[in-house]
Amino acid sequence: MQNGISPPSMKVTPWNNDLTTWNLPDGAIARLGRGCVRDIAFSPDGSTLAIGSRTGLWWYELPTLSAIALQETERGLISAVAFSPDGRLFAAGNWDNIVKVWNVQRGIPVARMEMPRKRYDTISQIAFSPDGQRLAASGQVNVINVWNPETGALIVKLTVGNEPKSAPQPAIIPLAFSPDSNLLASTTLENSVSVWHMETGKKVAHFAGHTECVYSISFSPCGRFIASGGKDGKIHVWDVEKEQQERVYTEYAKYRVIPSYSPDGTLLAAGICDNTVLILDVSQGEKQDSFEYTGAIRAFRFSDNGEHFAVAGPRDFKVWSAGQTPTLSALHGHIGASFSVVFSPDGKQLASGVESTVRLWDVRSKHSWVAFAGHSGIRSVDFSPCGKMLAFCSHNTTIKVCGVATGTPIAELTEHHTPVYALAFSPTGTQLVSGDTAGKLYVWDVQRLKRLKVLTKHTDCLKSVAFSPDGNLLATVSEDKTARLWDITRCKQIASLSLTVPLEANTYKGDPLEIQQRLKSLSSVDTPPNSRIEAIAFSPRGDVIAGGLYREIRFWDVPSCDIRMIIPQPQGCHYPFALAFSPCGRYLASGTWWQGTDKVSIRLWEVASGENIATFWGHPTDIQSLAFSPDGELLASGSFDGTILLWDMTLYL
C-alpha cells in the first residue's frame, strides 16, 4: 500500500517522509498542520494509534508516534473512529453523518452507512460490540443507529430523549456495549445514562445524577456495572441489574473526569483540571501519575486495556503509557483552526493565528514553532512593514505587539472594551489600526504605542480592515452592513462604499449564467437589501477596493468609490469572505465558507475581466484567510480545518 491511497494494513512505511506533501490536492505544494483532532482510537494490539481529524484519518505507530499514513482526505471532517475488538475492522464517521468500515489487513472498504442528517447534527461517537457483530453510532442530538458492520444493514434505531428545539451545544454522546454485547449504554443531552437491550431495542434502565455533560461511560468486565463521569467531576457507578446507583465518587469534583474499566475490573479515570492531567486508580483511591497539558482539550481516549491514555487539542497531543515507570509521548503537528495568515515582508516566514497561539512557519523548511502564546481565540495577525514586529488580537480585548526575532513582548494595548477582530499595520509602519466587536476603530501610534484616536462611525462588529498602499486611506467593513473609507492621516471618514444591489446588467462580470440567475433573483424583490460584507482588500496600486459580500465579490474605484464591477458567486460559494490581491494586482483570490460541498473552493479572478481563471479545491470546511507571498509565487490559505495549504501561483505570474 502506498501512503494515503487506502486504509493501511498497519504495517506500512510511507514512501515520502515529508508529511507536508502527503495526499495534497491539485495545485498545492504543502500542507502545514495535520488538522484539528476530533477523535482517537488505539488498535487492540497496542501497535497503532488512529486519529480522526478535519483533514482526514492519520495513522501513527506506537510507541514512537511515527506517522504511517493519511487517508480519507477526499472529504475529511472525521469526527469519530473505532477499531473492532479483534482489530480486523476499522470504522470512521464524519460531519456528513456517513460511517465507513474497512478491513484493516486488506485495506479495502467493507460497508458504508449513513444516518439521517439533521440540523446541528453530526456523528459524535462510534463503538463496536465485543463480539464484532454490531456497530453503533451516535449523533449530537438524539439518535443512535446500530448496524451490522460487515453488511451495513440497520439493526435498530434508538431515540435518546427529545430533540432540542434550538441549536444544541456541540456534544459527544458516549457509547459503550456490555461485555456480552447484549446491552448498549449511552448518555443523553439531559446528562443522564440510558441502557438499551439490543435484541428488543427497548430501554431497560435509566440513570440520572450528573449535573453537567457526561464525557465517558464504561461497562465493568462482569457487565453488571456502568461507570460514568464528566464535567461535574463526579464518577457514578450504576448497578444495571438493580437499576440503581451503586456508588458515587466526589473527591475529584474540581476535575473533568473520564472513567474507564480495565480488563481486570480496576476502575481507572483521567482527571483534567487547568493544565494538569491525573491518571487515577479510582478503585484504590490512588493517583497513578500526572502530567502537564497545555490548552483546550478536543479529544481523549483510554485504550481498551487501560494501559494508554491519549489527550489532544489545538496546542498539545500527549499519550500516557502505564508501566513500572510510566512514559509520556508527545505528538506535534495537529493544530487548531487558522483564522489569520500573513507572510513576513521578506517572504521567509508565515505567521498564523491558531486558537490561542501565534505560530511561525519557515516557508522553505515548513518547520513551525509557537512564537507567542497565552491569548484566547486569536482572530488577526500582522507583520510590521519592517518585519521586526508582529501584532495580534483576540477575544480577550487585548492587542499584543511582540518582537519577531526575540519573541519578547514589546507592548500590550488594553484600551478596547470588547473583543478585537481585525488589525493591520499601515504600509509606512507608523500606525496600527484595530477594530472591535462594538464597531470601534482604534488608531495607534506605532513608535510610541499610544492611542491616537477612536473612530465610532460603525455600530457593530468590525470584521476587516485594509490600508491603501501609500498608507493614507483605510477601508473598513462591519456587521452593521456598512463599508467605509477613511482618510487615516486625518482620522476622518471620507466616503461610504455602496452596498446597495444594482440591477443594471452591465455592472456584472463573469459567467453569463451566474449573472442571469443573480439578476433574476434580485428582480423578484421590491427593494433588495444591503448585502452582508465580511472582507475588504486594497489593490497593490491603490486604485481598486474589493469586498467579499454574500453571493458576490464587488469592486469599487478609488477615489470615486463608484462600483466598478460585481462578480456573482456560483452555487456553493456564496460566502467569499477571504480575499487577497496578488502583488502584481492582476488577480484577486477569494476563499469561501462551507456550503454543502465536499470541498471548499479557492478561486482566482482576473481583475480586469472578472473571469475565474483558476479554481483550487483542498479544504473541507471554511477558509478563514488568504495571503500571497511578496513575490507572488505562493498563496497561503488558512482554514477552520486546522491546516494551511500553500498553492503554487507561478503559472499566473
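Derivation of every value follows stated rules applied to the coordinates shown; laboratory data play no part. None of the values given here were measured: they were computed from a predicted structure. Virtual Cβ from ideal backbone geometry, glycine too; neighbours counted across all protein chains shown.
Extension gain, Thr615 to Arg247: 0.36 nm times the residue separation minus the Cα-Cα distance gives 126.6 nm. What the phi angles of the range 230-243 give under the Karplus curve with 6.51, -1.76 and 1.60, with θ = phi - 60°, is a coupling list of x, 5, 7, x, 9, 10, 9, 10, 10, 8, 5, 5, 8, 6 Hz, glycine and proline written as x. Of all the C-alpha pairs in the range 203-275, what % are more than 14 Å from each other? Distances greater than 14 Å cover 56 percent of the Cα pairs.
Taking other C-beta atoms within 10 Å as the exposure proxy, Cys213, Cys584 rank Cys584, Cys213 from fewest upward.
If the segment from Asn103 to Tyr550 were pulled out straight at 0.36 nm per residue, it would be longer than the present Cα-Cα gap by 156.5 nm. Taking the longest Cα principal axis of the chain as reference, the axis of helix 512-523 is set at about 90 degrees. Legend: calculated FRET efficiency, Gln595 to Arg541, from the Cβ-Cβ distance at R0 = 45 Å, rounded to 0.05, equals 0.90.
As a rough guide to protection, the peptides 265-275, 140-150 ranked by mean Cβ packing within 10 Å, highest first, stand as 140-150, 265-275. For Lys234, give me every one of the lysines with a C-alpha distance below 17 angstrom, ignoring sequence neighbours fewer than eight places off in its own chain. Candidates past the 8-residue exclusion: Lys254, Lys287.
Note: the range 434-492, Cα convex hull, 73 Å³ per residue.
As an exercise, use a Förster radius of 60 Å and the Cβ-Cβ distance of Arg112 and Glu286 to find the FRET efficiency, rounded to the nearest 0.05. Rounded to the nearest 0.05, the efficiency is 0.85. Built from the Cα atoms of the chain, the convex hull projects on average onto 29.6 nm², one quarter of its surface area.
About the centre of its Cα atoms, the range 77-208 shows a dipole size close to 280 debye [charges on the beta carbon of Lys, Arg (+1) and Asp, Glu (-1) only; nearest 20 debye].
Computed log10 I(q)/I(0) for the range 519-579 at 0.20 Å⁻¹: -0.80, from the Debye equation with unit scatterers placed on every C-alpha and solvent omitted.
Charge dipole (Cα centre; +1 on Lys/Arg Cβ, -1 on Asp/Glu Cβ; no other charges) of the range 501-653 amounts to roughly 200 debye. The simple Förster model, with R0 at 56 Å and r as the Cβ-Cβ distance, assigns Thr211 and His574 a FRET efficiency of 0.85. Couplings 3J(HN,Hα) for the range 275-292, derived from phi with the Karplus relation 6.51 cos²θ - 1.76 cosθ + 1.60 (θ = phi - 60°), are 10, 10, 10, 9, 9, 10, 9, 5, 4, 9, x, 10, 8, 7, 6, 8, 8, 8 Hz, where x marks Gly and Pro. Using a cut-off of 25 Å between Cα atoms, the listed pairs Lys231/Lys599; Lys157/Lys599; Lys203/Lys242; Lys440/Lys509 include Lys231/Lys599; Lys157/Lys599; Lys440/Lys509 as exceeding that distance.
Restricting things to Cα coordinates, could you compute the convex hull volume per residue of the range 416-571 in Å³? Don't skip to the end; give the middle numbers.
Working: hull volume 17.1 nm³, N = 156.
Here the figure is 110 Å³ per residue.
Spacing of the modelled spin labels on Thr489 and Lys157, each 7 Å from Cα toward Cβ, amounts to 6.8 nm. Both radii were evaluated on the Cα set of the range 85-151; the Rg over Rh quotient, with Rh as the Kirkwood radius, amounts to 0.97. Each of the peptides 52-58, 67-73 was scored by the mean count of other Cβ atoms within 10 Å over its residues; in descending order, highest first, they stand as 52-58, 67-73.
For the range 499-579, applying the loop criterion from DSSP together with a ceiling of 16 other beta carbons within 10 Å to the chymotrypsin sites (Phe, Trp or Tyr not before Pro) yields Tyr550.
Among the GluC sites (Glu not before Pro) in the range 431-523, which ones are in a DSSP loop with at most 14 other Cβ atoms within 10 Å of the Cβ? Mind listing them?
Passing both the DSSP loop test and the Cβ count: Glu504.
Using only the C-alpha atoms, the convex hull of the range 501-653 corresponds to 105 Å³ per residue. Charges on Cβ only, +1 for Lys and Arg, -1 for Asp and Glu, centred on the Cα centroid of the range 368-515; of Val404, Trp486, Val465, which one is farthest towards the dipole's positive end? Highest projection toward the positive end goes to Val404. Here the range 77-208 is treated as a sphere whose radius is the Kirkwood value from Cα pairs; by Stokes-Einstein at 4 °C and 1.567 mPa s it diffuses with a coefficient of 88 µm²/s.
Only helices enter the 222 nm calculation for the chain: every DSSP H run of n ≥ 4 contributes -39,500 (n - 2.57), and dividing by all residues gives -500 deg cm²/dmol, rounded to 500. Overall, the range 475-558 carries a charge dipole of about 120 debye about its Cα centre when +1 sits on the Cβ of Lys and Arg and -1 on the Cβ of Asp and Glu, all other atoms neutral. Along the charge dipole of the range 501-653, pointing to its positive end and built from +1/-1 on Cβ of Lys, Arg, Asp and Glu, which listed residue (Gly548, Ile602, His619) has its Cα farthest out? Highest projection toward the positive end goes to Gly548.
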